[in-house]
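Everything below concerns the one structure shown next.
The values are calculated or read from the model by the stated rules, or taken from the named source; none is laboratory data. No experiment lies behind these values; they were computed from the predicted model shown. Every residue, glycine among them, receives a Cβ derived from its backbone with ideal geometry; neighbour counts consider all protein chains shown. Surface accessibility is based on the protein's heavy atoms, side chains included, excluding ligands, DNA and RNA. Shrake-Rupley method; radii C 1.70, N 1.55, O 1.52, S 1.80 Å.
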Amino acid sequence: MQEQLLTIAKEQDIVDAEVLEEFLLRYSHKAVKDRKALDEALLHAGLFTEDQMLRLFGQYLEMQFYSEIEASKVPLEFIEKVPSNYAHHHNVIAIGKEDDEVIIATCKPLDMYAMDNIGRLLDCSVRPALATKATISTAINEAYEQKVTVLEDIADEVDAQGIESLIGEVSSEDLLDVVNRPPVIRLVNDILFKALQMRASDVHIHPFEQKILIRYRIDGLMYDMLSLDTRILPVIVSRVKVMAGMDIAERRMPQDGRCSVRIGPREVDLRVSTVPTAYGERLVLRLLDKSTGVYKLESLGLAPSDFEQVDDLIKRPHGVMFITGPTGSGKSTTLYSFLQRLDIREKNVITIEDPIEYHIDGISQIQVASKKGMTFVTALRHVLRQDPDVIMVGEVRDEETARMVIQSSLTGHLVFSTLHTNDAAGAITRMLDFNVEPYLVASSVAGVLAQRLVRKLCTSCKKCVEAESAEMRKLGIGFAAFEKVYQSVGCDKCFQTGYMGRMGLYELMVVDDDIRQCIYQRKTAGAIKKSAMESGMNTLRMDGLRKVEMGETSLEEVLRMAQSDNV
């Protein structure tokens, strides 16, 4: 074999023949027990690239080398019969089928052990081919994420007889034996897999008298996905509790837990909540995909003028910047983008969060633990002794926290925090409702950013239509009529919803002298909003219209999420 490899190297100039000859000479003189497989030894020597090594062995073994693999051409039978962890471990993937033979790509030309196993799993002949490890790994990730999940098949597999046997064991002491049964594990795993595949943020397992309903929250809206027999609820709940490190035996009290799961290279955090209901325990699983990372400020979708003002506000030496909006409106995401924008080499940045959603290098992040006495207020008191330049407080929930946030800014710190209000002006009146003196609010609050999340139109199926005048009238003040808008249609890529992903609508209120005067006079949120609009503030609905004109979202979405601008 070595002589033939050397001959191929000399004739075809795939690798430097002299370098290869020197390596083969050293390899031959090694004791047999110290030798690795020749292909592995050649790669580890670092003399040639993996691409060159595989092309060399491909010529010798008469195996075709593939520089690219299309995931869409991976046979479905391979995905269904070969587990993804096996494919990853052995670096193998099917790349097509010819003459009743499945072509299997590998990066180990001299290791045919995995090929034999795959032949048995597929129950057919296989033909080996070669590709680099990176190419195979990418193809595996893409192919297994594109697969159609087998939720319905697994649900059918747990038939009446299977349910009876599972229920019988649930009532026994050894619950772990029950939850480790393959059908249960496959069912829970596929519920989570399909949720990630469909970009769901939450999975709801909702028990009723006659059924269990599996529901996904996708782009902010709930969708019914699957109905199961109510008798298998105990084993599903037990399986999820085991995953999240919760008490399986406790069924009468609410519980919280968390864990991490992997989908190929992606790591996803699960936050699990259970509550007892009339028909059994109800579960909600929040999915947090760590692979998405933290958004940059430029990618949030702020209008150019708002972006410049926000950038100025977060670079101030002191003051308070509030992000407002209802639960699930993306406030935490915006706060993280602010932190990402700061120059942490020059500033000491500390956050107080409940919970910590993303870990950012160079920033000290503190987890609130209310049961142990570590609240936002107590944490903030101690943080002020840590010589911070910038403090992020996850949420202002009460008067004590509100006063501490204001005092922190007045003592020379820049503070970011969130409030639950409908618009930017409402943040001012909320602080006054917390009994914070008007002069303190006026002198400390630098700006308020209100936001909502709307669904983005699917770029593959959206269509342009003439705008309805009646719809335009609904938009309220501050809007010029326009002739055409885009509507959702629905296709396979967006799961027939017409929307793919979400984007923010923003309302930035910079506190100027006029607004300060309104605060001193304790004017209503409506009066403060009117003053801000006269100073040029774009409201949530105005920002929504801008995005409708750009074809990014629909009028229906803006009308659904943004309240009227009448003041």
Task: Options L475, L457, L453; residue that is of a type in the set (A, V, I, L, M), within 17 Å of G544 (Cβ to Cβ), surrounded by 14 or more Cβ atoms within 10 Å (Cβ to Cβ) and at pLDDT below 85 - done: L475
- [ ] State the number of residues belonging to segment 334-345 that are in contact (Cβ under 8 Å) with a residue 12 or more places away in the chain and open to solvent by 40 Å² or more (accessible area, probe 1.4 Å).
- [x] 4
Open item on the list: If a residue counts only when it is among the basic types (K, R) and modelled with pLDDT under 95, which helices (runs of 4 or more DSSP H) contained entirely in segment 313-414 have at least 2 such residues?
Closed with: 331-341
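Right, V310: open to solvent by less than 10 Å² (accessible area, probe 1.4 Å), of a type in the set (A, V, I, L, M, F, W, C) and within 24 Å of L453 (Cβ to Cβ) or not?
Details: open to solvent by less than 10 Å² (accessible area, probe 1.4 Å): yes; of a type in the set (A, V, I, L, M, F, W, C): yes; within 24 Å of L453 (Cβ to Cβ): yes.
Yes; evaluated as a whole, the condition is true for this residue.
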Task: Positions within segment 269-295 being within 10 Å of the chain's Cα centre (by Cα) and in a strand (DSSP E or B), in sequence order - done: D269, L287, L288, D289
Open item on the list: Suppose we filter L228, L187 for residues that are in a strand (DSSP E or B) and either surrounded by 16 or more Cβ atoms within 10 Å (Cβ to Cβ) or under 21 Å from the mean Cα position of the chain (by Cα) (or both); which single one remains?
Closed with: L228
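It is to be established whether one or more residues within segment 551-558 are of a type in the set (D, E, K, R) and either assigned to a helix (DSSP H, G or I) or modelled with pLDDT of 95 or more (or both).
Start the filter on segment 551-558 by keeping residues that are of a type in the set (D, E, K, R), which leaves 552, 556-557.
Right, trim to either assigned to a helix (DSSP H, G or I) or modelled with pLDDT of 95 or more (or both) and you get 556-557.
Yes, segment 551-558 contains at least one residue that is of a type in the set (D, E, K, R) and either assigned to a helix (DSSP H, G or I) or modelled with pLDDT of 95 or more (or both).
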Open item on the list: Residues that are within 35 Å of the chain's Cα centre (by Cα) and exposed (fewer than 13 other Cβ atoms within 10 Å of the Cβ), at least 1 per element: which helices (runs of 4 or more DSSP H) completely within segment 76-124 meet that?
Closed with: 76-81, 84-90
TODO: Output the number of residues of segment 415-430 satisfying the condition of being more than 20 Å from L453 (Cα to Cα), more than 29 Å from the chain's Cα centre (by Cα) and not basic (K, R).
DONE: 2
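Condition check: over 46 Å from the mean Cα position of the chain (by Cα) and in a helix (DSSP H, G or I). Does S72 satisfy that?
Values: over 46 Å from the mean Cα position of the chain (by Cα): no; in a helix (DSSP H, G or I): yes.
Here the answer is no, as S72 does not meet what is asked.
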Task: Conditions (1) under 26 Å from A143 (Cα atoms); (2) open to solvent by less than 20 Å² (accessible area, probe 1.4 Å): number failed by R217 - done: (2)
TODO: State yes or no: is L233 of a type outside the set (K, R), part of a strand (DSSP E or B), modelled with pLDDT under 90 and more than 16 Å from F193 (Cα to Cα)?
DONE: no
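Using the structure shown, decide if R403 is within 20 Å of G330 (Cβ to Cβ), basic (K, R) and surrounded by 17 or more Cβ atoms within 10 Å (Cβ to Cβ).
Details: within 20 Å of G330 (Cβ to Cβ): no; basic (K, R): yes; surrounded by 17 or more Cβ atoms within 10 Å (Cβ to Cβ): yes.
Against the criterion (within 20 Å of G330 (Cβ to Cβ), basic (K, R) and surrounded by 17 or more Cβ atoms within 10 Å (Cβ to Cβ)), R403 does not qualify.
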Open item on the list: Considering only segment 346-359, I want to know if a residue exists there that is touching a residue at least 60 places away in the same chain (Cβ under 8 Å), within 21 Å of K456 (Cβ to Cβ) and either in contact with a Pro (Cβ under 6 Å, 6 or more places away or on another chain) or of a type in the set (D, E, K, R) (or both).
Closed with: no
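Suppose we filter segment 516-545 for residues that are within 37 Å of the chain's Cα centre (by Cα), part of a helix (DSSP H, G or I) and surrounded by 16 or more Cβ atoms within 10 Å (Cβ to Cβ); how many remain? Explain how you work it out, then say what you get.
Going residue by residue through segment 516-545, those that are within 37 Å of the chain's Cα centre (by Cα) are 525-526, 528-529, 532-533, 536-545.
Pick out the ones that are also part of a helix (DSSP H, G or I) and you get 525-526, 528-529, 532-533, 540-545.
Checking the rest, the ones that are also surrounded by 16 or more Cβ atoms within 10 Å (Cβ to Cβ) come to 525, 528-529, 532-533, 540-545.
Here the count works out to 11.
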Open item on the list: Just to verify a result, which residue in segment 486-520, among those that are of a type in the set (S, T, Y) and at pLDDT 90 or above, is nearest to N538 (Cα to Cα)?
Closed with: Y506
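Looking only at residues that are under 19 Å from the mean Cα position of the chain (by Cα) and of a type in the set (V, I, T) in segment 244-268, which one is least open to solvent (accessible area, probe 1.4 Å)?
Quick first cut of segment 244-268, residues under 19 Å from the mean Cα position of the chain (by Cα) only: 244, 257-268.
From what's left, of a type in the set (V, I, T): 261, 263, 268.
Working: V261: 31, I263: 32, V268: 1 Å².
Filtering segment 244-268 for residues that are under 19 Å from the mean Cα position of the chain (by Cα) and of a type in the set (V, I, T), the one least open to solvent (accessible area, probe 1.4 Å) comes out as V268.
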